[in-house]
Amino acid sequence: MSEQAGRSCPIRYQYGAAKIAQAPLVACDVLYVVGGLYGNGFALNAVENLAAQEAGHVRICFNGDFNWFNKSPEDFIQINQRVLKHDCILGNVEAELGEPLDAADCGCAYPENVDQGVVDRSNFIHTELKRCAQQHPDLLGELLQKPYFARYSVGSLNVAVVHGDGDSLAGWRFDPAHLQQADEAPWRAALFEKAQVNMFASSHTCSAAFHSEPLQNGQIGHTGLISNNGAAGMASEPGSLNGLFTRISATPLSNSSLVFQSTQLNGVWVEQVRVKIDQAAWQQHFLSQWPEGTAAHTSYFKRISEGV
């Protein structure tokens, strides 16, 4: 395995924010952006059940890495058939599923501060998933045709849905640590103008962030918003086992107890919403696929069972 496997970012992932402005604006009343489902069918049930209770035209966009733990044929087929009934864009997990089996690389572009053991285990997990995916060429072919980003309009808010950051599918600059860096503010502010949006919704880094960016002399408003939902299918709310997703609508979620954090931008509500599931059932299912001693158990079970 190459030392750079799991750390390097494929050239094809580098789209640049200006390309996002060329994507058609898809209008809806309510937009759910669901990043990092990670093959958790219980979380998928919870999201779809919430969406079914909404009024108006609702769209769910899965912004990548909806696959990960679902290495069994049954789980792989079920998760992807259900996701493909909605909107979706590629995460690095999906984008790498068509690559050769002997090229063990999850495409995560992990930064240097991530332990090499985590990287090696992610490459192994991805190879297991890829082996399953390639046994279902029709489903895999449909997946690989999906775009790297999408654009929506909800009321007066234009939203770019990405997996990583504004320039790259596997970019890490929407991670909470980067969003706190003042020296990256000019880069962030420029993204909104280039993409012609007021907001970016992302995931990829698996750490939730909710960041307002002051914009100067921008044609698209005075403030831009970045909502990184962390992960819908894994613990993302500190002190709990709840995943999170991003909800955008002219009206707030009717069940306010599910709202982790929220703001209004251009008169539109943007909320990070808790994904509440039967944790015992999910953990039991996870352990049936990834028992103690496996790569996914070593990397993720503490987070799944104890939270972040």
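Points to keep in mind about this one:
- Only one of the numbered conditions (1) modelled with pLDDT of 95 or more; (2) under 18 Å from F62 (Cβ atoms); (3) in a loop (DSSP other than H, G, I, E, B) is violated by Q135, and that is (2).
- Q116 vs. criteria modelled with pLDDT under 95 and either surrounded by fewer than 24 Cβ atoms within 10 Å (Cβ to Cβ) or touching a Phe, Trp or Tyr at 6+ places or on another chain (Cβ under 7 Å) (or both): yes
- Residue match in region 82-94 (condition: in contact with a strand residue (DSSP E or B) (Cβ under 6 Å, 6 or more places away or on another chain), in a helix (DSSP H, G or I) and among the aliphatic types (A, V, I, L, M)): yes
- Filtered residues of region 161-176 (kept if at pLDDT below 95 and small (G, A, S)): A170, G171
- Strands (runs of 3 or more DSSP E) fully within region 201-308 counting 3 or more residues that are within 18 Å of the chain's Cα centre (by Cα), farther than 22 Å from G166 by Cβ and aromatic (F, W, Y): none
- Residues in region 1-57 that are in a helix (DSSP H, G or I), closer than 21 Å to K194 by Cα, over 19 Å from the mean Cα position of the chain (by Cα) and modelled with pLDDT of 95 or more: A18, K19.
- Annotation: of all residues in region 171-187 being more than 19 Å from the chain's Cα centre (by Cα) and in a helix (DSSP H, G or I), the one that is surrounded by the most Cβ atoms within 10 Å (Cβ to Cβ) is W187.
- Residue that is surrounded by the fewest Cβ atoms within 10 Å (Cβ to Cβ) [pool: residues in region 223-257 that are touching an Asp or Glu at 6+ places or on another chain (Cβ under 9 Å) and more than 20 Å from A51 (Cα to Cα)]: T223
- Failed criterion for F69 (all others in (1) under 17 Å from the mean Cα position of the chain (by Cα); (2) closer than 22 Å to T251 by Cβ hold): (2)
- From the list N45, N67, the one residue that fits, being under 25 Å from F301 (Cβ atoms), surrounded by fewer than 24 Cβ atoms within 10 Å (Cβ to Cβ) and touching a residue at least 12 places away in the same chain (Cβ under 8 Å), is N45.
The values are calculated or read from the model by the stated rules, or taken from the named source; none is laboratory data. Please read these numbers as outputs of a predicted model, since none were measured by experiment. With ideal geometry, Cβ positions are generated from the backbone for all residues, glycine too; neighbour counts draw on all protein chains shown.
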